[in-house]
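Peer 1: Have a look at this one before I ask anything.
Since every read-out is calculated from the coordinates, none of them should be taken as a lab result. Just so it is clear, the model here is predicted, and its values are computed rather than measured. Backbone-built Cβ (ideal geometry, glycine too); neighbour counts: all protein chains shown.
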Amino acid sequence: MALLNTRPTVAISISAGLALLILLVLGVWQVERLFWKENLIAQREAQASMAPIDFPVDVTEINPDLSFRAVRAHGRFLHDQEMYLMARTMQGSVGFQVITPLEQADGRIILVNRGWVPDDKRDPATRAQGQVTGQVDVTGVLQVARPRHWAQPENDPVKNQWFYVDPQHMAEEAGGDLASPYYLEADATPNPGGFPIGGQAHVSLPNNHLQYAITWFCLAVALVVIFIVYHRRPAPPKAD
C-alpha cells in the first residue's frame with residue numbers, strides 16, 4: 001500500500017512543536033518536583049527520628065530547618081484556653097485539632113497542638129479524661145507557623161475558630177506571653193480517654209510526581225507518533 005507523504009503546514013508544525021515543548025517542560029518539572037519531594041520527606045523523617053531536644057524558648061530568629069525536629073517540653077496545660085483548628089480530617093472524618101497553651105515555670109506559654117478530635121468531641125466535657133492536670137511532659141515535633149494561605153479564611157478568635165496557626169495572636173487570646181514563636185505538634189502518645197489523637201504532623205507526604213512525569217512524557221511520545229502517522233497516511237485509491 002502506497003503511503004501519502006504530505007508536508008505539514010507551517011501552522012501545524014508550529015502548533016505541534018509548541019505542544020511538544022510544553023509536554024516536555026511539564027515532564028522535566030515533575031522530575032524536579034520528584035527529587036525535591038523525596039529530599040523533603042527524607043529530611044522530615046530524619047529530623048523526627050532524632051533524639052528529642054528541649055523545646056527552644058527565647059528565640060530571636062526562626063530557623064525553618066528545625067521544622068519537624070523531635071522536641072520535648074514540660075509545663076501545665078491551660079485547658080480552659082484551648083483553641084480549635086477548624087476543618088481538620090482524619091480517616092475521612094471531619095473534626096478539629098486542639099491547640100492548648102502549655103504554661104512554663106515563668107508563666108509564659110508554649111502552644112501545643114495536642115491532636116485531633118471529632119465534631120462531637122469539641123466540648124471538653126465530652127473528653128474530660130484527656131484534660132490532664134498538673135505538670136506534664138510533652139513530646140512531639142517542632143513546627144514553624146506558616147503564613148495564611150490566600151484561600152484560607154481569616155481566624156475568628158471570638159468564635160474560637162482558627163484556620164491557621166498564629167502563635168502571637170493565639171497567645172494574646174490565651175492571655176499569656178509567648179515563650180517561643182515555634183509551636184509543638186504532639187506525637188502519637190495516647191491521651192487518657194483516647195482524645196485528642198496526637199501524631200497529626202505530616203512527616204510523610206504524598207509523592208505522585210513520578211506518575212505525573214511518565215504521563216507527560218508519554219503524551220509527548222504520542223504526539224510525535226500521531227504527527228508522523230498523520231503525514232504518512234495511506235494514499236487514497238486512484239480513480240479508474
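Peer 1: With respect to the numbered conditions (1) more than 20 Å from Gln168 (Cβ to Cβ); (2) not in a helix (DSSP H, G or I), which one is the sole condition not fulfilled by Gln129?
Peer 2: (2)
Peer 1: Restricting to the stretch 105-153, name every residue that is of a type in the set (Gly, Ala, Ser), farther than 18 Å from His79 by Cα and without any contact (Cβ under 8 Å) to a residue 12 or more places away in the chain.
Peer 2: Hit for the stretch 105-153 is Ala151, nothing else.
Peer 1: Moving on to the next point. Only one of (1) within 17 Å of Pro181 (Cα to Cα); (2) among the β-branched types (Val, Ile, Thr); (3) under 17 Å from the mean Cα position of the chain (by Cα) fails for Thr89. Which number is that?
Peer 2: Just one mismatch for Thr89, condition (1).
Peer 1: Among (1) out of contact with any Leu (no Cβ under 8 Å at 6 or more places or on another chain); (2) under 30 Å from Tyr230 (Cβ atoms), which single condition is Leu23 missing?
Peer 2: (1)
Peer 1: Then there is this: I'd like to check something: does the stretch 195-204 contain any residue that is of a type in the set (Val, Ile, Thr) and either part of a loop (DSSP other than H, G, I, E, B) or surrounded by 15 or more Cβ atoms within 10 Å (Cβ to Cβ) (or both)?
Peer 2: Within the stretch 195-204, one or more residues are of a type in the set (Val, Ile, Thr) and either part of a loop (DSSP other than H, G, I, E, B) or surrounded by 15 or more Cβ atoms within 10 Å (Cβ to Cβ) (or both).
Peer 1: Looking at the structure I just gave you, is Val10 without any contact (Cβ under 8 Å) to a residue 12 or more places away in the chain and surrounded by 12 or more Cβ atoms within 10 Å (Cβ to Cβ)? If you could, list the steps in order and put the result at the bottom.
Peer 2: Values: without any contact (Cβ under 8 Å) to a residue 12 or more places away in the chain: yes; surrounded by 12 or more Cβ atoms within 10 Å (Cβ to Cβ): no.
Judged against the criteria, Val10 is not a match.
Peer 1: Quick one: count up the residues across the stretch 30-58 that are of a type in the set (A, V, I, L, M), outside any helix (DSSP H, G or I) and surrounded by 14 or more Cβ atoms within 10 Å (Cβ to Cβ). So that I can check it myself, show each step before the final result.
Peer 2: Step one: of the stretch 30-58, the residues of a type in the set (A, V, I, L, M) are 31, 34, 40-42, 46, 48, 50-51, 53, 57.
Right, trim to outside any helix (DSSP H, G or I) and you get 50-51, 53, 57.
With surrounded by 14 or more Cβ atoms within 10 Å (Cβ to Cβ) added as a condition, the list becomes 57.
So the count comes out to 1.
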